[in-house]
Amino acid sequence: MLDVIKEINEKRHSSIVVMEGGEQFWLTWTQMQEHEPFKVGLEVDTDELRKWLLPRQYPMALNDAVAMLAQRARASGEIRQKLRRKLYMEDTIEMVLYKLEKERLLDDETFARDWAASRARSQLGRSRILQELRMKGISQEMAENALDELDEEEGDEAAVALAAKLLKRYSRETDERKGMQKLLAAMARRGYGYEESRKAVQAAIEQMDE
């Protein structure tokens with residue numbers, strides 16, 4: 001497909017070639033020198049450019065992805081988003097994700113289960129955890145499955161512990177009703193539903209009375 005270069009934005013050690021059709025190509029300084037000279041107004045076969053750029057981008061993108069995974073476990077959607085922000089081509093990103101999944105460095109199901117369990121222990125409710133997983137690119141179905149596998153007893157204990165902490169915080173309220181409203185609102189912000197919060201508060205009060 002033929003397109004015309006609209007502008008070339010030079011950055012440190014790289015350039016972004018913007019086509020009139022809206023497509024953008026990120027190239028390092030070395031790649032810019034290796035390819036035929038780019039200039040505004042030049043007609044370019046973008047299919048050929050993508051084909052030429054793919055094997056040059058791939059090792060760089062793979063190294064970036066592996067570096068992200070070295071920091072902590074990530075979902076494939078999160079890796080995709082971050083590589084897109086770095087302006088790697090979609091073909092490059094797909095190749096990187098395929099490689100990582102083939103080498104078992106990426107497993108969205110395991111990631112979703114581990115993330116959900118960790119966040120539940122950190123006193124976050126289902127709706128908040130679901131929101132976080134969706135933001136990381138986990139599908140609705142996979143996220144809900146991960147939540148369904150949570151240890152219910154462990155989750156209840158975390159909710160009660162949070163309720164106990166909040167009861168102490170809002171016990172200074174002169175208006176008891178207003179204090180309880182603030183407590184329930186705080187639990188809602190952490191992803192707990194009304195009934196779940198109410199039961200946790202009741203359990204926390206009973207523990208304190210004992």
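Looking at LEU87, LEU83, LEU106, which is the one that is crowded, with 19+ Cβ neighbours inside 10 Å and either under 21 Å from THR46 (Cβ atoms) or of a type in the set (Lys, Arg) (or both)?
LEU83
For the stretch 23-33, does any single residue satisfy the condition of being charged (D, E, K, R) and over 30 Å from LEU150 (Cβ atoms)?
Start the filter on the stretch 23-33 by keeping residues that are charged (D, E, K, R), which leaves 23.
After this cut, where a residue has to be over 30 Å from LEU150 (Cβ atoms) as well, the list is 23.
Yes, that holds for at least one residue.
Check the stretch 66-78 and report whether any residue there is assigned by TED's automatic domain parsing to the domain that holds GLU20 and either within 27 Å of ILE5 (Cβ to Cβ) or in contact with a strand residue (DSSP E or B) (Cβ under 6 Å, 6 or more places away or on another chain) (or both). No, because not a single residue in the stretch 66-78 is assigned by TED's automatic domain parsing to the domain that holds GLU20 and either within 27 Å of ILE5 (Cβ to Cβ) or in contact with a strand residue (DSSP E or B) (Cβ under 6 Å, 6 or more places away or on another chain) (or both).
Could you tell me whether any residue of the stretch 140-156 is surrounded by fewer than 16 Cβ atoms within 10 Å (Cβ to Cβ), touching a residue at least 24 places away in the same chain (Cβ under 8 Å) and not in a helix (DSSP H, G or I)? Checked against the condition, which is being surrounded by fewer than 16 Cβ atoms within 10 Å (Cβ to Cβ), touching a residue at least 24 places away in the same chain (Cβ under 8 Å) and not in a helix (DSSP H, G or I), the stretch 140-156 yields at least one hit.
The test for being surrounded by fewer than 19 Cβ atoms within 10 Å (Cβ to Cβ), in contact (Cβ under 8 Å) with a residue 24 or more places away in the chain, within 14 Å of LEU105 (Cβ to Cβ) and out of contact with any His (no Cβ under 9 Å at 6 or more places or on another chain) holds for ALA73.
Within the stretch 86-95, does at least one residue satisfy the condition of being under 25 Å from ASP3 (Cβ atoms), of a type in the set (Lys, Arg) and free of Cβ contacts under 8 Å to residues at least 60 places away in the same chain?
Applying the first criterion (under 25 Å from ASP3 (Cβ atoms)) to the stretch 86-95 yields 86-95.
Next, only the ones that are of a type in the set (Lys, Arg) stay: 86.
Checking which are free of Cβ contacts under 8 Å to residues at least 60 places away in the same chain leaves us with none.
No, the conditions are met nowhere in the stretch 86-95.
Which of the residues that make up the stretch 84-127 are assigned to a helix (DSSP H, G or I), closer than 30 Å to GLU152 by Cα and not aliphatic (A, V, I, L, M)? Answer for the stretch 84-127, where residues must be assigned to a helix (DSSP H, G or I), closer than 30 Å to GLU152 by Cα and not aliphatic (A, V, I, L, M): ASP108, GLU109, THR110, PHE111, ARG113, ASP114, TRP115, SER118, ARG119, ARG121, ARG126, SER127.
Checking the structure you have, find out if any residue of the stretch 169-189 is assigned to a loop (DSSP other than H, G, I, E, B), buried (at least 16 other Cβ atoms within 10 Å of the Cβ) and out of contact with any strand residue (DSSP E or B) (no Cβ under 6 Å at 6 or more places or on another chain). The answer is no; no qualifying residue exists. Looking only at the stretch 111-136, residues that are in contact (Cβ under 8 Å) with a residue 24 or more places away in the chain, surrounded by fewer than 18 Cβ atoms within 10 Å (Cβ to Cβ) and closer than 24 Å to ARG84 by Cα come to 1 in all.
The values are calculated or read from the model by the stated rules, or taken from the named source; none is laboratory data. Predicted, not measured: the structure shown is a model, and the values here were computed from it. So basically every Cβ, Gly included, is an ideal-geometry build from the backbone, and we count neighbours across all protein chains shown.
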